[in-house]
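Participant: Below you'll find the structure I mean.
The values are calculated or read from the model by the stated rules, or taken from the named source; none is laboratory data. On a predicted model such as this, the values are computed, not experimentally measured, just so you know. Positions of Cβ are generated from backbone atoms using ideal geometry, with glycine treated the same way; all protein chains shown enter the neighbour counts.
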Amino acid sequence: MTAAAHRPATLEDVARVAGVSRSTASRVIAGTGFASPTAREQVTAAVGQLGYVPNPAARALVRGGGVRLVVAALAANEAVLDDPYVHRVVGSAARVCTAAGVGVALQWLPLGGSRSLDKLAEDRTVCGVILINTTEDLLDGVPRSLHGRVVSIGIGSATVPSFDIDNAAGSDAVLRHLYATGRRRIAMVTGPRWLPCAQRPVETYRRLMRQAGLPERVLPGDFTAARGRTAAEEALHRWPDVDAIYAISDDTALGVMAALRDAGVRVPGDVAVAGFDDIPLAAMTAPALTTASHPVGQIATAAATALLDGRPAAPATLFPSELVARASA
């Protein structure tokens, strides 16, 4: 029984039946790049056997039109284009798209810039869009012509599937670790207030503090190290007895540690510090940063694969986040 008997055949099905790599099957179907005559015969036979229909990107390549997947990042300013997190999304998407002969582009979406989505929808070279830092307003502004060609890393909607990290569970694990190590005066540095997915850790923090009968000490953040420095200084001024600071970004947490060090505060002796993301630098700081895992590569890969496969994705796909305990807390 073939895969097509249960679901539309995929490029992976074709490659498996043909006995070739996915990239070879992609090149044969798209009509681009090198493939041996034997491989071409095998792929062509597998396509016929499975009833495979190329996804929109591959069909566009066969027609000779250049196609690209756009990673569209919503932000208050164009500094988001330099964000390492965004670069990891682009890199992971590019690994998926390269085999299909599809390029990847990065675009900044200004807050309130739904017109940018209209332009993407009208651009015939765009085979799909991955939204980052998604808000309800942005989702409401997605043109109908993009439906089926757009996914979100963050919150989604009835028409835009989402791929996201379970940052509520990750934050829960970090905060419980701080409590288990004796910390009782825990301050939190948040993400941008306009970003819905950044509010889940805040809700988790408030819930756990209430349950434990501990004071709530929340400071606004923006995922940057600079804001981490400012927040740490504010925390020391407002709450001299603070014994832990949790930032929902490793970059912010590193800024917190720098400010504490400059103030002569020992980490973790006087104040424990924890972050979120587990960026490579987190394991190399002194002390090494306690954090929660964030498989950005897996999330971006899943989002890009869903677009290239051209099949309906689940409304929401949530990836787990786990505590990564190190010396800072």
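Participant: Enumerate the helices (runs of 4 or more DSSP H) found wholly within segment 69-151, keeping only those where 2 or more residues are in contact with a Pro (Cβ under 9 Å, 6 or more places away or on another chain), among the aliphatic types (A, V, I, L, M) and at pLDDT below 90.
Facilitator: Counting at least 2 such residues, we get 114-122.
Participant: Then there is this: Is at least one residue of segment 35-54 modelled with pLDDT under 90, within 30 Å of Asp137 (Cα to Cα) and part of a helix (DSSP H, G or I)?
Facilitator: For segment 35-54, residues modelled with pLDDT under 90, within 30 Å of Asp137 (Cα to Cα) and part of a helix (DSSP H, G or I): absent.
Participant: Let me ask something additional. Quick check, is Asp222 touching a residue at least 60 places away in the same chain (Cβ under 8 Å), acidic (Asp, Glu) and either buried (at least 18 other Cβ atoms within 10 Å of the Cβ) or assigned by TED's automatic domain parsing to the domain that holds Arg185 (or both)?
Facilitator: In short, no.
Participant: Any residue at all in segment 180-192 that is assigned to a helix (DSSP H, G or I), crowded, with 20+ Cβ neighbours inside 10 Å and not acidic (Asp, Glu)?
Facilitator: For segment 180-192, residues assigned to a helix (DSSP H, G or I), crowded, with 20+ Cβ neighbours inside 10 Å and not acidic (Asp, Glu): absent.
Participant: Still on this model: Those residues that are outside any helix (DSSP H, G or I) and under 29 Å from Pro215 (Cα atoms), I need them from segment 152-179; list them, please.
Facilitator: Result: Ile165, Asp166.
Participant: For segment 72-84, does any single residue satisfy the condition of being surrounded by fewer than 20 Cβ atoms within 10 Å (Cβ to Cβ) and under 16 Å from Gln298 (Cα atoms)?
Facilitator: Yes, segment 72-84 has at least one match.
Participant: Oh, and also: State which residue is nearest to the chain's Cα centre (by Cα) when the search covers only segment 200-217 and only residues that are more than 19 Å from Trp239 (Cβ to Cβ) and basic (Lys, Arg).
Facilitator: It comes out as Arg200.
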